2 protein chains.
Amino acid sequence: MLVSTKGRYALRVLADLAEHRTEGYLPLKEIARRQGISEKYLESILKSLVKNGLLTGLRGKGGGYKLTRAPEQYTVWDVLRLTEDSLSPVACLEEGASPCERAAICPTLAMWQGLDRVIREYLSGVTVADLVRPGAGAGDYVI
Amino acid sequence: MLVSTKGRYALRVLADLAEHRTEGYLPLKEIARRQGISEKYLESILKSLVKNGLLTGLRGKGGGYKLTRAPEQYTVWDVLRLTEDSLSPVACLEEGASPCERAAICPTLAMWQGLDRVIREYLSGVTVADLVRPGAGAGDYVI
DNA sequence: TTTACAACCTATTTATCTGATAGGTTTATG
DNA sequence: CATAAACCTATCAGATAAATAGGTTGTAAA
């Protein structure tokens with residue numbers, strides 16, 4: 001599996017915040033309830049989104065989270081890069097992977113690089129705004 | 001990570017067998033040595049390839065493994081489907097996954113389905129013959 | 001100014017999966 | 001009949017995913 005629940009939840013939260021972005025700060029409790037996700041688990045996910053500037057958090061009464069930019073300014077790729085340790089389809093393409101000594105003769109390397117590229121281009125072509133656009137269907141994102 | 005060592009090793013073995021397919025049955029020991037893979041681990045991988053008809057195994061002295069078809073008859077997708085529990089990018093698209101009750105309202109579902117399709121189409125478009133074609137480069141498999 | 005609320009922080013746990021290892025059994029060949 | 005090689009079953013160590021628990025700090029409203 002390429003994308004964990006962490007990444008899936010993060011996208012659902014961003015979509016949720018995009019849909020309710022006129023309502024100011026939204027408390028985690030409310031988002032968690034609406035999305036059916038454990039509050040505590042969601043908390044750890046949102047923390048990293050705040051730390052990386054995708055969300056703003058406001059403490060105290062009346063506080064909560066909101067987007068820092070317009071929904072079309074977040075690509076799915078941007079979001080998943082933060083929540084997933086790696087989005088590479090195979091271990092040998094992960095950043096920080098120990099360089100493979102067979103790289104020069106590996107018959108599969110180019111094929112994996114092609115897959116990596118296909119995935120990255122697809123995810124970079126979809127934004128949070130696309131996700132919340134009404135009536136989005138299965139074939140919409142394939143060019 | 002989408003594809004484990006199991007799948008990566010399987011493809012390398014098929015490519016190896018394709019390159020040496022004029023030499024009859026190749027013993028696992030020889031393949032493992034040439035590819036730098038543990039014999040015992042490789043054994044468990046090849047077993048499933050034999051069971052599913054991708055390879056033929058011959059026991060006893062002079063035995064080993066060989067391909068059952070021509071290299072261009074194996075797509076990468078065919079191979080990985082056997083070695084990986086799932087090639088779905090997300091848990092909710094795996095076969096046998098408990099049906100998601102939010103499917104009808106999920107803003108991300110269509111996007112994941114599109115990714116799933118992009119991956120499947122890419123992997124279905126590459127064969128073992130492509131892998132062993134001399135001089136294959138990084139951009140070759142992206143249309 | 002105090003109370004309630006909500007983000008923030010650190011640690012721990014549980015389960016599953018990956019990658020690998022070990023040792024024995026059967027079958028074919030020279 | 002000795003040897004080589006596939007076949008089979010079980011086990012294990014480590015990593016990662018997914019979640020849980022409980023406490024601390026900051027902010028706004030009462």
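Some notes on this structure:
- Taking 7 Å steps out from each Cα toward its Cβ at B:GLU72 and A:ASP78 produces label points 4.5 nm apart.
- Between the helical axis of A:39-51 and the longest alpha-carbon principal axis of chain A there is an angle of about 70 degrees.
- Position A:LEU58: other-copy label points at 7.7 nm, ordered by increasing distance, label point 7 Å along Cα→C-beta.
- Chain B - percent relative contact order, Cα under 8 Å, separation 6 or more: 28
- Of the peptides A:84-97, B:114-127, the ranking by mean beta-carbon count within 10 Å, highest at the top, reads B:114-127, A:84-97.
- Axis-nearest residue in chain B [Cβ, rotation onto A], distance in whole Å: B:LEU2, 2
- Across segment A:77-143, the mean sequence separation of Cα contacts (distance under 8 Å, 6 or more residues apart), normalised by length, yields a relative contact order of 29 percent.
- For A:114-122, mean number of other protein chain Cβ atoms within 10 Å: 6
- Applying the Karplus relation 6.51 cos²θ - 1.76 cosθ + 1.60 with θ = phi - 60° to segment B:59-66 yields 3J(HN,Hα) values of 7, x, 4, x, x, x, 10, 8 Hz, where x marks Gly and Pro.
- Counting lysine pairs in the protein assembly as shown that sit 8 or more residues apart in sequence, or on different chains, and whose Cα atoms lie under 12 Å apart gives 4.
- Using a Gaussian network model of chain A in which every pair of alpha carbons under 10 angstrom is joined by a spring, one finds that among A:THR22, A:THR56, A:THR75 the greatest mean-square fluctuation is at A:THR22.
- Between copies, the label points at B:SER86 (set 7 angstrom from Cα along Cα-to-Cβ) are spaced 2.0 nm, reported in nanometres from shortest to longest.
- Placing unit charges on each Cβ (+1 for Lys and Arg, -1 for Asp and Glu) gives segment A:5-132 a dipole about its Cα centre, and among A:TRP112, A:LEU28, A:ALA18 the Cα reaching farthest toward its positive end belongs to A:LEU28.
- Note on B:102-113: average number of Cβ atoms from other chains within 10 Å of each residue's Cβ is 6.
- Full extension of the chain segment joining B:ARG33 with B:THR56 gains 6.3 nm, where the gain is 0.36 nm per residue of separation less the Cα-Cα distance.
Every number here is computed from the coordinates shown, using simple stated rules; none is lab data. No experiment lies behind these values; they were computed from the predicted model shown. Cβ coordinates were reconstructed from backbone atoms using ideal geometry, including for glycine residues, and neighbour counts include every protein chain displayed.
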